[in-house]
Each structure stands twice: as C-alpha cells, then as structure tokens.
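Scroll down for the structure; my scribbles are underneath it.
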Amino acid sequence: MSREQELAQRLGEVRARIDAACEAAGRPRDEVTLIAVTKFFPASDVHILTELGVRHIGESRDQEAGDKVASLPPDVREQLQVHFVGQLQRNKARNVAGYADLVHSVDRARLVGVLDSGRARAREEGQASDPLGVLIQVDLGEGEQAGRGGVAPDRIDQLADVVGESDHLELRGVMAIAPLGLDEAGVRAAFTRLVAVSEHLRQAGRTPSGATLVSAGMSGDLELAVSAGATHLRVGTAILGSRPEHR
Ligand SMILES: *Cc1c(COP(=O)(O)O)cnc(C)c1O
C-alpha cells in the first residue's frame, strides 16, 4: 500500500469514529475539529493529509516543527492551521510564536511574556499578521494520580488574567491530556471538568465570549472527549501510525 493509501484509510477510520461519537453524543459534527498530530512524521505526510482535506496539523517539538512548517510550499501552508500542542520551554517559546497559529500548552505565566514578545516581533517582520491564539493547559490529575502537565486548577484564573493583559496573544480556550491510569468513566469525568473550566472562565469574564475551544482527546480516547464536549481532538497515532520510540 502506498503512503497515500495508508493515510487515506486511517484518516477515513478516524473521521468515521468522530462521526459516530458526535452522533452518539447528539452533537453536530461541525462542532468538532480534527487536528492531525504530525510530530515525528515528514512534511510529505503533511502534503498528503492536506490533499485529503486535513486543515489542522499539530506539532510538539520546536526544532522539528519550525523546519517542517518552513519547508511547506506557500499554497499548502496557507490552507493549514498549525497547532503547537507539546510542552513548551521558555527558550523555544519565542520561536514557536512566529510560526504557530495556536499554542495549546500555556501552563505558566512566565511563558506568556515570551510568547507575546515573540509574536510582536513576528508581526513586525511580517511573518504573522494575527495575534497568536493560546489555550491554557489544565492539569486534570487528582489526588494520587499524576497529572500530565498543565496549570493546577486553583491557578487558572490568575493565568487567564495574565494572558488577557498581553498585547499579541488571544485566549481561545483550554486544553488537557487525560491523566494516566483512569478507566473510561474517570477519563470522561476529567474531560467534563475541563469543559466546566472553560465555561467558568467565560462566565467570570476572564476569557472573551468567543474563547470556546476545548482541546481534549487523542487516538485512544477521542470518543470520551467528544461525549464530554471537546471541540478539538489531537490525533496522531491513529492517523499516522506509531512514532519511533526514541529520538
Ligand atoms: C503526541 C500528542 C498527541 C497525539 O497523541 P496520539 O495518542 O498519538 O493520538 C496529542 N496531544 C499531545 C499533547 C501530544 O503530544
């Protein structure tokens, strides 16, 4: 099977899963956006996915992502929204702010200033025109369970305020990764807490009323995320295949 056929088949399967999950949850299909997480995979896969109608890609490692995005022909780049979904180091944030359209992993105030000045520079230099969209990554770990990154729930409001005071960032919503070791009910409950955080932030006026993005759900738990109310799914393995383990 060619890589085109392989990606077309897996993408078709993932789209069918999303259709079925929306149907089961009684949600309109257009409420849910699929982000194909292309980390570790080459720009040629991004081309193929674009041909297959994918309009959102996710990346999680700065060097790789920056090079890959820069290598895309302008007509491919124009069709895509680039989501940075991985843990963000402070010294990489400035660079990411230049090529990403949306950063999902803002989990501490110290990142905000760097992203803001990075985006200011990118706008000055004509590399980007819009403000950089950001999501606050929320730690959904509870009690004994280790969280998988993100700001603790009692610090979310403060972080939202810091983002709100920036000049070149736009708070668009929240993101989380399900804690490890939970059963299905536990994962669904965790995602439901994330949706509640998103509602809380809007009701408290801490985020603009349009900050409705809820990024949750990956290859293994996208159905649970859809049923809890997620708007953006980050799917890697189920579309692209398994990633190399060590690199
Ligand atoms: C890699 C990655 C994904 C995709 O995970 P899969 O299990 O391969 O679908 C989603 N979110 C984040 C933050 C990731 O780093």
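Being at pLDDT 95 or above, closer than 30 Å to Leu180 by Cβ and either touching a helix residue (DSSP H, G or I) at 6+ places or on another chain (Cβ under 7 Å) or outside any loop (DSSP other than H, G, I, E, B) (or both) is true for just one of Asp45, Asp116, Asp67, Asp154. Which residue is that?
Values: Asp116 fails: closer than 30 Å to Leu180 by Cβ; Asp67 fails: closer than 30 Å to Leu180 by Cβ; Asp154 fails: at pLDDT 95 or above.
It is Asp45.
Being in a loop (DSSP other than H, G, I, E, B), near the ligand (Cβ under 10 Å from one of its atoms), within 17 Å of His104 (Cβ to Cβ) and open to solvent by less than 30 Å² (accessible area, probe 1.4 Å) is the filter here; which residues of region 216-244 pass it? Please lay out each step first, then the result.
Taking region 216-244 and keeping what is in a loop (DSSP other than H, G, I, E, B), we get 216-221, 229-231, 236, 241-244.
So of that shortlist, the ones also near the ligand (Cβ under 10 Å from one of its atoms) come out as 216-221, 236, 241-243.
Right, trim to within 17 Å of His104 (Cβ to Cβ) and you get 216-219, 221, 236.
Answer for region 216-244, where residues must be in a loop (DSSP other than H, G, I, E, B), near the ligand (Cβ under 10 Å from one of its atoms), within 17 Å of His104 (Cβ to Cβ) and open to solvent by less than 30 Å² (accessible area, probe 1.4 Å): Ala216, Gly217, Ser219, Asp221, Gly236.
When you look at Gly173, is it near the ligand (Cβ under 9 Å from one of its atoms) and either open to solvent by less than 30 Å² (accessible area, probe 1.4 Å) or under 25 Å from Val82 (Cα atoms) (or both), yes or no? Talk me through it step by step, then tell me what you get.
Numbers: near the ligand (Cβ under 9 Å from one of its atoms): no; either open to solvent by less than 30 Å² (accessible area, probe 1.4 Å) or under 25 Å from Val82 (Cα atoms) (or both): yes.
No, not satisfied.
So which residues in region 48-64 are in a loop (DSSP other than H, G, I, E, B) and open to solvent by 20 Å² or more (accessible area, probe 1.4 Å), if there are any at all? Spell out the reasoning first.
Applying the first criterion (in a loop (DSSP other than H, G, I, E, B)) to region 48-64 yields 52-55, 60-61.
Selection gives Leu52, Gly53, Arg55, Ser60, Arg61.
Kindly evaluate Ile35 against the criterion of being in contact with a Ser or Thr (Cβ under 6 Å, 6 or more places away or on another chain) and within 17 Å of Met218 (Cα to Cα).
Working: in contact with a Ser or Thr (Cβ under 6 Å, 6 or more places away or on another chain): no; within 17 Å of Met218 (Cα to Cα): yes.
Judged against the criteria, Ile35 is not a match.
Could you please let me know if Glu4 is closer than 18 Å to Asp221 by Cα and charged (D, E, K, R)? Walk me through how you get there before you give the answer.
Values: closer than 18 Å to Asp221 by Cα: no; charged (D, E, K, R): yes.
Answer is no for this residue.
In the set Arg188, Arg202, which member is more than 16 Å from the ligand (Cβ to nearest atom), outside any loop (DSSP other than H, G, I, E, B) and over 15 Å from Val138 (Cβ atoms)? Reasoning before the result, please.
Values: Arg202 fails: over 15 Å from Val138 (Cβ atoms).
When all the criteria are applied, what remains is Arg188.
Can you work out which of the residues in region 80-91 that are modelled with pLDDT of 95 or more and more than 12 Å from the ligand (Cβ to nearest atom) is most open to solvent (accessible area, probe 1.4 Å)?
Gln81
Given the conditions (1) within 24 Å of Val214 (Cα to Cα); (2) modelled with pLDDT of 95 or more; (3) within 16 Å of the ligand (Cβ to nearest atom), and given that Ala109 satisfies all but one, which numbered condition is not satisfied?
All conditions are met except number (3).
If we keep just the residues of region 206-215 that are open to solvent by less than 20 Å² (accessible area, probe 1.4 Å) and part of a loop (DSSP other than H, G, I, E, B), which is modelled with the lowest pLDDT?
First, the residues of region 206-215 that are open to solvent by less than 20 Å² (accessible area, probe 1.4 Å): 207, 211, 213-215.
Going one step further and asking which of them are part of a loop (DSSP other than H, G, I, E, B), we end up with 207, 211.
Numbers: Thr207: 78, Ala211: 90.
If we take residues in region 206-215 being open to solvent by less than 20 Å² (accessible area, probe 1.4 Å) and part of a loop (DSSP other than H, G, I, E, B), then Thr207 is modelled with the lowest pLDDT.
What is the number of the single condition among (1) touching an Asp or Glu at 6+ places or on another chain (Cβ under 8 Å); (2) within 16 Å of the ligand (Cβ to nearest atom) that Asn95 does not meet?
Only one criterion is unmet by Asn95, namely (2).
The values are calculated or read from the model by the stated rules, or taken from the named source; none is laboratory data. Predicted, not measured: the structure shown is a model, and the values here were computed from it. Every residue, glycine among them, receives a Cβ derived from its backbone with ideal geometry; neighbour counts consider all protein chains shown. These accessible areas exclude ligands, DNA and RNA; they are computed on the full protein's heavy atoms, side chains included. Shrake-Rupley method; radii C 1.70, N 1.55, O 1.52, S 1.80 Å.
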